[in-house]
1. Just to be sure before I move on: is SER142 at pLDDT below 85 and touching a Gly at 6+ places or on another chain (Cβ under 8 Å) in the structure I sent?
2. Could you please let me know if ALA122 is of a type in the set (A, V, I, L, M, F, W, C), under 16 Å from ILE12 (Cα atoms) and open to solvent by 20 Å² or more (accessible area, probe 1.4 Å)?
3. In the range 12-44, how many are within 17 Å of SER115 (Cα to Cα) and polar (S, T, N, Q)?
4. If you take the residues in the range 181-198 that are without any contact (Cβ under 8 Å) to a residue 12 or more places away in the chain and of a type outside the set (A, V, I, L, M, F, W, C), which one is nearest to LEU150 (Cα to Cα)?
5. Look through the range 103-114, keep the residues that are open to solvent by 60 Å² or more (accessible area, probe 1.4 Å) and not in a strand (DSSP E or B), and return whichever of them is nearest to SER90 (Cα to Cα).
6. I'd like the full set of residues that are open to solvent by less than 60 Å² (accessible area, probe 1.4 Å) and touching a Lys or Arg at 6+ places or on another chain (Cβ under 8 Å), limited to the range 130-171.
7. Is it the case that the range 94-102 has a residue that's part of a loop (DSSP other than H, G, I, E, B) and over 22 Å from the mean Cα position of the chain (by Cα)?
8. Of the residues that make up the range 181-190, is at least one among the aromatic types (Phe, Trp, Tyr) and at pLDDT 90 or above?
Amino acid sequence: MEVSVAGVVTDIHVFIVDDDSGARTSLGRLVSSFSLEVSLFSSGKELIDALPENGRCLVISDVRMFDMPGMEILSWITQHRSEIPVVLVSAYADVDMTVRAMRSGAVAVLRKPYSEEELWDAIRVAVQANDAALASLEQKTSLLDRLLTLSEREMNVLKCIADGKQHKQCAAELGWSLRTIEKYRAEALRKLGMTSPYELVREFMVAGLTEWPDVREFNND
């Protein structure tokens, strides 16, 4: 069901993990009252096993748990499923813990008891973070799919030019003729559906890519 979370239209799925059954059930009912889909878990392992491969979701986790503390859950998600935002809740949240959690990737930290409005605001921030992460992931997947159509020579030429080097510099660096450089540049851009190597640089930035794929993964021509 699509609902509006503080102005954000979403069909987000909220995954709640807390080893205190009473707190878990109470939070689940509150989030459900926002007309959001909710799943409840008593341990971090159960949560991780249930996370969908894709889709719009967020995690709300208690910090102090025997099986897998909330900071460990946050660490795992940050490393393996960074597109999923995490909200941490704790009765012992202080400034130091909040700073550590935010630096580790949490989108919000709520101190118990928190108000309905505070929870609502945290979910809104998480929804926005999830949408931005999914958009970046989609852009990255699309870009990598197109890059995989390039040959190793086309990739080398395009990388050289996008690094800001002139055609003559690339020709000298790669040991090819200027005509060969221009040929592979044109073919690479055609395959990518671009008119300039700098369009690729912009797409790298949008996709959150900081380095080029290993050219050894590309086919030789």
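1. no
2. In short, no.
3. Going through the range 12-44 one residue at a time, the tally reaches 4.
4. ARG190
5. LYS112
6. Listed by number, the residues that qualify are ASN130, ASP131, LEU134, ARG146, LEU150, GLU152, GLU154, VAL157, LEU158, ILE161, HIS167.
7. yes
8. yes
The values are calculated or read from the model by the stated rules, or taken from the named source; none is laboratory data. Just so it is clear, the structure is predicted and the values come from calculations on it, not from any experiment. No Cβ is skipped: glycine too gets one built from the backbone with ideal geometry, and neighbour counts run over all protein chains shown. These accessible areas exclude ligands, DNA and RNA; they are computed on the full protein's heavy atoms, side chains included. Shrake-Rupley method; radii C 1.70, N 1.55, O 1.52, S 1.80 Å.
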